[in-house]
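Report on the structure given below.
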Amino acid sequence: MSDTVGLLLRRAGFGPTAVELAAARQAGYAAALTGLTAPPGPDVGATGAPVPDLGPDAYAGKRDLTYEEKVRLEDLRDEQTAQITEWWLNRMTVASHHAVEKLVFFWHGHWATSVKKVRSPQLMLSQHRTLRGATDFTVMARRMVVDAALNHYLDGHLNTRQAPNENLARELCELFLLGIGNYTEKDVKEAGRALTGWRFSLTMGRSVFDPRAHDDGRKTILGRTDTFTAQSLVDLLLTQEACPRFVAARLWFRYGSSTRPIPKGLQDKMVRAFPAPMAMLRVLLADEAFQATAGTMVKQPVEWLVGALRQLGVRPANLPAETRKAVLHDLENLGQLPFAPPNVGGWPSGGSWLTSAAAQVRLRLAGRVAEQAPVDQLTPESLAYLLGVDRWTNRTYAVLRGTQDRRQLLTLGLASPEYLVT
């Protein structure tokens, strides 16, 4: 049972500390699952990472700017983007409700939106609040369809009745709500018409609706004809049988296996828990099919880093400024920087993180973390306990046993296959 408890904590959260893992094993799988998916009371740990107050967007209310003024404002945006990225990493590290934090990060990859195109850290932080604050998937979808950052990212602000833009409509069907094969090209074109008229305001920090740019004519989508708007379109998509099955499959892909399809019986049980994401996740994590996936998933860079920080007692907010900057640079080189997914499909999974180039960056980042860790005497055995590794292979153990330097031992442990694969 201890192996499955460890699997549960590693997959549902970002990586258990030695104390958390020991307590969960003592409590048993069922109690550990309840503690993760129905945590009692407010998140005490997260109070140590309050949401930064950025004020209005740097460009809000600004017109006719000189080149020099634009450069200054872009620099300010970059600084604020680094600020919210560091804040989120710190929040994930210090939060007590680990499964909640992991689920928020999952939604960020699901509704993938990048600040590199949106540019406004204020709009990205507003989207983050939407993902974190939605009570269920229905509420989330209704809010996200008019989210300013997502609309900007998918060119929704260019979507008018005179020149419909289908980007948001297509991804709404393909990547967010239904999945490939559950809609037609005509459905996408008609859905694009329903989404016309939405703009974003940097001054107000949200989307605004321009009725003059909206196509209020009748549209036929998925066999139903009506004068669809953004909200009624989402409501229609949410009622499709494919929607909860698609969401269940996406949760399985990120929490269960990125190589094995979701078992139909499990998918059916998760669908019955829709639209409550944490309830769906609880069903997934309680199923024997999940418990049989040990050793099949590679940790994503953020998952790997946050787990290491938690287990070694390192807090991002306490790192020197230059080290914080270097950590973000390394994460970007690893291919996973919060608020900056590579495309609307989100981040890759599985072995795509195990390239030779990534190994070098991971070693460098592991060394930065190890240098800051308040850990003195270490052996391969105590390191396994600290990192929540069940056991080292003979090959890894031989390498670790021959290492005398504390920092090097930590670095090698963090970069080991046993730590990277869960």
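The values are calculated or read from the model by the stated rules, or taken from the named source; none is laboratory data. These numbers were taken from a predicted model, which means no experiment stands behind them. Glycine gets a Cβ as well: all are built from the backbone with ideal geometry, and neighbour counts include every protein chain shown. The area values use the complete protein model at the heavy-atom level, side chains included, leaving out ligands, DNA and RNA. Shrake-Rupley method; radii C 1.70, N 1.55, O 1.52, S 1.80 Å.
The table below gives the values:
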item: Listed residue (400, 32, 306) projecting farthest to the positive dipole end of the chain, Cβ model; result: 32
item: Share of carbon and sulfur in the accessible heavy-atom surface of the chain [1.4 Å probe, %]; result: 53
item: Per residue solvent-accessible surface (Å²) - the chain, probe of 1.4 Å; result: 43
item: ³J(HN,Hα), Karplus 6.51/-1.76/1.60, whole Hz, each residue of region 364-381, x for Gly, Pro; result: 5, 5, 4, x, 5, 5, 4, 5, 8, 6, x, 10, 9, 6, 9, 10, x, 5
item: Those chymotrypsin sites (Phe, Trp or Tyr not before Pro) in region 226-292 that DSSP places in a loop and that have at most 12 other beta carbons within 10 Å; result: none
item: Label-point separation in nm, residue 203 to residue 76, each point 7 Å along Cα→Cβ; result: 1.6
item: In Å, descending, principal axis extents of the Cα set of the chain; result: 72, 59, 42
item: Semi-axis lengths (Å, descending) of the ellipsoid that matches the C-alpha gyration tensor of region 287-371; result: 24, 17, 13
item: Over 19 Å (Cα to Cα) - which of 62/325; 299/325; 70/117; 102/299 fall in this group; result: 62/325; 299/325
item: Volume of the Cα convex hull of region 118-206, divided per residue and given in Å³; result: 90
item: Helical mean residue ellipticity (222 nm; -39500 (n - 2.57) per DSSP H run of 4+; nearest 500) of the chain; result: -16500 deg cm²/dmol
item: Between region 373-416 and region 107-174, the alpha-carbon center distance in angstrom; result: 43
item: Inter-label distance, nm, simple model (7 Å from Cα along the C-beta direction), residue 397/residue 225; result: 7.3
item: Pairwise label distance in nanometres, residue 318 with residue 292, each label 7 Å out on the Cα-Cβ vector; result: 4.4
item: Selected from 351, 50, 386, residue furthest toward positive end of dipole (the chain; charges at beta carbon); result: 351
item: Under 5 Å, built H, 5+ apart or other chain: amide partners of residue 219; result: 226, 227, 228
